[in-house]
Amino acid sequence: MATTAGRAAPGVCPGPVRGRSGADGASRRHGEADQRHNDEIGRCWSKRLFCPANPRGLSNVTVHDIAVRTLSGQDASLGDLAGNTLLVVNVASQCGLTPQYEGLQRLHDQFGEQGFAVVGFPCNQFGAQEPGSAEEIQEFCTENYGVTFPMFEKIEVNGPGRHPLYAELTAVPDTEGKAGDIEWNFEKFLVGPDGKIVARFRPLIEPEDPEIVSAIEANLPG
């Protein structure tokens, strides 16, 4: 890599320079230059080693701070539900797991007065099982399962188009310590009243499984 006047090209950490031989005055000047050069190396590599790649790690940002839209297209955020315990679920209308809507609604009814809510995010990434419009999704959920919990706009939960909310959620491991991509429709995340992600439950775990119910009860506000 080419350098100019003994300095590395922008964005490149320079290599160390050892002492040069020569007359006393020249050696002194070279020594001072070498020291400045090596100090620069220290600053460069300390930044690489100790500065977090994602400054989010130094902030208090939670899922409450991420912008979303309701199923009807209105600007919103989960912060509108701050102070409540939330079960965040990616849902679909034509999936073998779609009957889980029944258990989700029962949880919403059972714990709703204690500061709990289920929130649904339609997603069409798994077998194209959520192809409908917002109006069709709302009608399906209401007429077939009596859904009253908040529903948000259709989003992507995996891949390059992953919604920022799911970038946060998928960084959290499940009970087996596995983080990363959503496996299928109806994966569930428990979010505490403060917006911190408490637990992750894979799609085949039913909404009213004792593991989920116990986690909800343990994290209700107050």
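Values quoted throughout were computed directly from the atomic coordinates according to the rules given, and no laboratory measurement underlies them. Keep in mind that what you see is a predicted model, and the values were worked out from it rather than measured. Note that we place each Cβ from the backbone using ideal geometry, even for glycine, and neighbour counts take in every protein chain shown.
Couple of notes before you dig in:
- FRET efficiency, 1/(1 + (r/R0)^6) with R0 45 Å, evaluated for residue 176 and residue 114 via beta carbons: 0.95
- Given charges at Cβ of Lys, Arg, Asp, Glu: segment 58-218 dipole, positive-most of 119, 101, 76: 76
- Across segment 94-109, coupling constants 3J(HN,Hα) worked out from phi with the 6.51/-1.76/1.60 Karplus curve, θ = phi - 60°, read 10, 10, x, 8, 4, x, 4, 3, 4, x, 4, 5, 5, 4, 4, 6 Hz, and Gly and Pro carry x.
- Highest average packing first - 177-190, 132-145, 83-96, Cβ atoms within 10 Å: 83-96, 177-190, 132-145
- The coefficient of translational diffusion for segment 58-218, derived via Stokes-Einstein from the alpha carbon Kirkwood radius under 10 °C and 1.306 mPa s, stands at 102 µm²/s.
- Ranked list, fewest to most other Cβ atoms within 10 Å of each Cβ, for 106, 200, 162: 106, 162, 200
- Those aspartates and glutamates that a straight Cα-Cα span of less than 16 Å connects to residue 188, excepting residues fewer than 8 apart in one chain: 102, 156, 168, 174, 176, 206, 208, 209, 211, 217
- Summed residue charge, Cβ within 12 Å of residue 117's Cβ, Lys/Arg positive, Asp/Glu negative: -3
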